[in-house]
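Data block below; observations after.
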């Protein structure tokens, strides 16, 4: 599962990394070191400039709400449970099947958080969980594979500014050996040479798409313990990703 991550990159940095023209990027993306479900997150997508336009799709940077709401959903609160989509079933599950076919995204991140259950117990007898930050060893940007959907609020007319809700989810897979002892799942990453193939809305062959998704190469990511401040979504700032010393 990926339920919390960090992104400190600006709109300009993300646009440069993913080759997005300035007119297709928001003027500002705020650094967030404690990205949590239901927050707005930057997402890279490829779409035609106008609906049903014969023009080629254009790469865009958009702000989407984390927690996918299927277009057929009656209650948008379903998105609170749709923050992750499992690679093993994403092409078949009704909640994700259509988005996997035509609405794929890349979610930029510095890294993500996972919690490891230690042998210690708290006052209630439950295991104490130590948060870890997992990031590329070279400090580069992570492009997490994602899907997005556009949900129409049936109570609003099309011309109202909040009539359409754009939401997203992160694809996950089994964690590689170096990270599996912390958590058994991890986000799927897309390599730069596969960005276009993954984002291309005209590419919908299930087998081809699944071939693009491969777990991070062993050793590419590093994990280290961080402060339990990250447990509270109200806490934010670069100190949340600073390594700390803990007992073995």
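Of the residues making up the stretch 6-26, those that are part of a loop (DSSP other than H, G, I, E, B), touching a strand residue (DSSP E or B) at 6+ places or on another chain (Cβ under 7 Å) and at negative phi are 8, 9, 18, 20, 25, 26.
If a residue must be touching a helix residue (DSSP H, G or I) at 6+ places or on another chain (Cβ under 6 Å) and over 20 Å from residue 241 (Cα atoms), how many such residues does the stretch 1-27 contain? The number of residues fulfilling the criteria is 2. Residue 45 falls short on exactly one of the conditions (1) within 18 Å of residue 142 (Cβ to Cβ); (2) in contact with a strand residue (DSSP E or B) (Cβ under 7 Å, 6 or more places away or on another chain); (3) without any contact (Cβ under 8 Å) to a residue 60 or more places away in the chain, and that condition is (3).
When residue 148 is tested against the conditions (1) surrounded by fewer than 19 Cβ atoms within 10 Å (Cβ to Cβ); (2) modelled with pLDDT of 95 or more; (3) touching a helix residue (DSSP H, G or I) at 6+ places or on another chain (Cβ under 7 Å), the lone failure is (1).
Would you point out which residue out of 79, 67 is at positive phi and crowded, with 20+ Cβ neighbours inside 10 Å? Outline the logic, then answer.
Details: 79 fails: at positive phi.
Testing whether each residue is at positive phi and crowded, with 20+ Cβ neighbours inside 10 Å leaves just 67.
For the stretch 87-98, a tally of residues being under 21 Å from residue 191 (Cβ atoms) and either surrounded by fewer than 22 Cβ atoms within 10 Å (Cβ to Cβ) or out of contact with any helix residue (DSSP H, G or I) (no Cβ under 7 Å at 6 or more places or on another chain) (or both) returns 3. Just one residue in the set 29, 44 is surrounded by 17 or more Cβ atoms within 10 Å (Cβ to Cβ) and part of a strand (DSSP E or B); that residue is 44. Looking at the stretch 119-215, the strands (runs of 3 or more DSSP E) lying wholly inside it that each contain 1 or more residues that are more than 14 Å from the chain's Cα centre (by Cα) and within 22 Å of residue 41 (Cβ to Cβ) sit at 127-136, 142-152, 164-174. The set of residues in the stretch 198-248 being farther than 20 Å from residue 131 by Cβ, exposed (fewer than 15 other Cβ atoms within 10 Å of the Cβ) and touching a helix residue (DSSP H, G or I) at 6+ places or on another chain (Cβ under 7 Å) consists of 201, 204, 218, 219. Just one of the listed residues (34, 84) is touching a helix residue (DSSP H, G or I) at 6+ places or on another chain (Cβ under 8 Å), at pLDDT 95 or above and closer than 28 Å to residue 130 by Cα, and it is 34.
The values are calculated or read from the model by the stated rules, or taken from the named source; none is laboratory data. Everything numeric in this text was worked out from a predicted model, so none of it was measured. Note: ideal-geometry Cβ built from the backbone for every residue, glycine included; neighbour counts use all protein chains shown.
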